[in-house]
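The values are calculated or read from the model by the stated rules, or taken from the named source; none is laboratory data. Small disclaimer: the values here were computed from a predicted structure and weren't measured. Cβ coordinates were reconstructed from backbone atoms using ideal geometry, including for glycine residues, and neighbour counts include every protein chain displayed.
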Amino acid sequence: IGPGQVGGYVYPGTPSHLQTVKPTKVTPSNNPSAPSTPPPQNPSFFVSANLRMDILHKNSLTLSQPDPTQFPDLPPEVDNYHELCPLEPIHKPASTVLGYQTSTYKATSLKNGVRYCLRRVH
């Protein structure tokens, strides 16, 4: 893991709204209006490996926290945003398209608590 990169494996677990339905014993009945038991649910759904890795990567970026020892010049708050965390190396070369050096950060809004991706043009 290089400087400015997010490390580790973040898995939030099974959502609370998914639960296994226990199958009940089915008794033959002549009554068609008798309640039927739903089929048992699979505790998880199939997700391709690429999609799973993409979701886990986005989740790890969302949950990432800045390292004050690695980024001592990072301010605790900028305008209406706090929890700034670099998403890429800070000292990368200038863009060939615009000719300016840029930095990308994850930040949380003080107004609504939503996380945003901010790009700084140096």
### Task
Search the range 45-69 for residues being of a type in the set (A, V, I, L, M, F, W, C), in a helix (DSSP H, G or I) and at pLDDT below 85, and hand back the single one that is nearest to residue 108 (Cα to Cα).
63
### Task
Looking only at the range 83-99, decide whether some residue is of a type in the set (S, T, N, Q), under 24 Å from residue 57 (Cα atoms) and either modelled with pLDDT under 85 or in a loop (DSSP other than H, G, I, E, B) (or both).
no
### Query
In the range 104-122, how many residues are within 20 Å of residue 58 (Cα to Cα) and touching a residue at least 12 places away in the same chain (Cβ under 8 Å)?
11
